[in-house]
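Shown next, in structure tokens, is the structure this report addresses.
The values are calculated or read from the model by the stated rules, or taken from the named source; none is laboratory data. In this text the structure is predicted, and so the values were computed from the model without any measurement. Here the Cβ positions follow ideal geometry from the backbone for every residue, glycine too, while neighbour counts run over all protein chains shown. Just so you know, the surface numbers come from the protein's heavy atoms only, side chains and all, with ligands and any DNA or RNA stripped out. Shrake-Rupley method; radii C 1.70, N 1.55, O 1.52, S 1.80 Å.
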Amino acid sequence: MTDTFGRTVDYLRLSVTDLCNYRCQYCMPEEGVCKRRHKDILSVEECVEVVRAAAKCGVTKVRLTGGEPLVRRGILDICRGIAALPEIKELCLTTNGALLPQLAKPLREAGVDRLNISLDTLRPDRFAAMTRTGSLDQALAGLTAAGEAGFTDLKLNTVLIGGFNDDEVGDFLSLTRDKPWELRFIELMPMGPCAGWEKSCFLSSAGVLARFPELEPIESQGVALRYRLPGARGTVGFISPLSHTFCAQCRRLRVTADGKLKSCLHSREEISLKGLQGHGLEEAIRQGILQKPREHHLTERPSDTPRSMNQIGG
Ligand code: SAM
Ligand code: SF4
């Protein structure tokens, strides 16, 4: 379906929980978030129904996210239900990777096509400090398990933060020499716990890119501008929601774990889908698509949404 600005909306990001086994400093409060009552989050069946209705409105690609989607009870049933929908051509999942040693193979069998794994640092001490509860070894074991389960075209998400991991860009780039992965450097967005962080934490992709003139531009993909080191097997993508607003190309809708449709990550506007079914559910999704704003205003002010990333789904 096309929105009022002529953009085709065909990509749904469905958050299946706002809980997480990590407490990344920029995303979650240290004490975590209160567990919602069962009846306040979308059930397994409701998750599948929402995707079925979205598919009727033109959605063909779904990404499951969170919070950490792999801590959601019933995640494999959600994946199976969505993968069985004929209109859905691509089912992806974004994870911190900690539970992949147990779940990579079952996820593959449940119909997940692609994984994005978040990894912000290659240094064990920094990893522990940033995630507050995680270990680098565990995350790397997750990467290995994903490869062994057949997820070969992995994407690695790295949020670049000034004063934290900007000195590791070269180490991350080196990974692409041997691995056929796509590294994705993402600009930190001022929302949730990091909304008030110092300006120096927020790096522009262009500034990072300028430090590595050896990166050769290749075809861009979706919202990522892509590059490759000469002779490398893998590629590097830069996603720049702050410095290079890609709203004109945005094809996304989001649904939060508590069933709120958000047509823009940074908008306050939400439509409640909980309790809707069939035609009513479809109509609400169509209405959400038609309300999709032209752009966000992150360059002028912090995000308008009071939610943090774990409560929306990155
Ligand atoms: N727990 C999973 C994970 O970490 O991959 C999925 C959810 S997480 C919210 C999805 C992505 O959003 C992660 O790559 C995370 O680094 C990113 N993210 C969280 N807060 C962000 C922010 N303020 N700016 C940019 N990216 C952010
Ligand atoms: Fe959890 Fe992902 Fe947020 Fe880190 S970025 S706290 S892993 S939801």
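Applying a threshold of 8 Å to beta carbon distances and a minimum spacing of six or more residues, or different chains, the list of pairs starting in the range 30-46 at a residue that is β-branched (V, I, T) and ending at one that is part of a loop (DSSP other than H, G, I, E, B) reads V33/D18; V33/L19; I41/T17; I41/A257; I41/D258; I41/G259; V44/G74. Among the residues of the range 285-310, those identified as outside any loop (DSSP other than H, G, I, E, B), in contact (Cβ under 8 Å) with a residue 60 or more places away in the chain and in contact with a strand residue (DSSP E or B) (Cβ under 8 Å, 6 or more places away or on another chain) are I285, I289. Of all residues in the range 81-91, those satisfying the criterion of being assigned to a helix (DSSP H, G or I) and open to solvent by 10 Å² or more (accessible area, probe 1.4 Å) are G81, A83.
Is it fair to say P69 is open to solvent by less than 50 Å² (accessible area, probe 1.4 Å) and modelled with pLDDT under 95? So P69 does not fit the description; no. Restricting the range 231-277 to residues that are among the hydroxyl-bearing types (S, T, Y) and closer than 20 Å to H297 by Cα leaves a set whose member that is modelled with the lowest pLDDT is T245. Within the range 279-287, can one find any residue that is small (G, A, S) and open to solvent by 70 Å² or more (accessible area, probe 1.4 Å)? No, that holds for no residue. When the range 1-16 is filtered for residues that are in a loop (DSSP other than H, G, I, E, B), open to solvent by less than 10 Å² (accessible area, probe 1.4 Å) and either out of contact with any helix residue (DSSP H, G or I) (no Cβ under 8 Å at 6 or more places or on another chain) or within 13 Å of ligand 2 (Cβ to nearest atom) (or both), only V16 remains. Cβ separations smaller than 8 Å between residues 6+ apart or across chains give the following pairs from the range 126-137 residues that are touching a residue at least 60 places away in the same chain (Cβ under 8 Å) to residues that are loosely packed, with under 14 Cβ neighbours inside 10 Å: R132/E30. Regarding G67, is this residue within 16 Å of ligand 1 (Cβ to nearest atom) and on the phi > 0 side of the Ramachandran plot? Spelling it out, G67 is indeed within 16 Å of ligand 1 (Cβ to nearest atom) and on the phi > 0 side of the Ramachandran plot.
Of the residues contained in the range 260-280, none is found to be touching a Pro at 6+ places or on another chain (Cβ under 6 Å), under 30 Å from G170 (Cα atoms) and within 16 Å of ligand 1 (Cβ to nearest atom). Say we look at the range 22-48 and pick out the residues that are under 30 Å from L85 (Cα atoms), modelled with pLDDT of 95 or more and open to solvent by 50 Å² or more (accessible area, probe 1.4 Å); which of these is nearest to ligand 1 (Cβ to nearest atom)? Looking at the filtered set, the residue picked out is E46. The residues on offer are L253, L203, L188, and the sole one that is away from ligand 1 (no atom under 14 Å from the Cβ) and surrounded by 16 or more Cβ atoms within 10 Å (Cβ to Cβ) is L253. Residues in the range 115-133 that are outside any loop (DSSP other than H, G, I, E, B) and either touching a Cys at 6+ places or on another chain (Cβ under 8 Å) or of a type outside the set (G, A, S) (or both): L115, N116, I117, P124, D125, R126, F127, M130, T131.
In the set L265, L276, which member is in a loop (DSSP other than H, G, I, E, B) and over 20 Å from the mean Cα position of the chain (by Cα)? Exactly one residue qualifies, and that residue is L276.
The residue pairs whose first member lies in the range 92-114 and is outside any strand (DSSP E or B), whose second member is among the polar types (S, T, N, Q) and buried (at least 20 other Cβ atoms within 10 Å of the Cβ), and whose beta carbons are closer than 8 Å, counting only pairs six or more residues apart or on different chains, are N96/S118; N96/T131; G97/S118.
Here Q287 meets each of (1) away from ligand 2 (no atom under 16 Å from the Cβ); (2) closer than 22 Å to N116 by Cα with one exception, condition (2).
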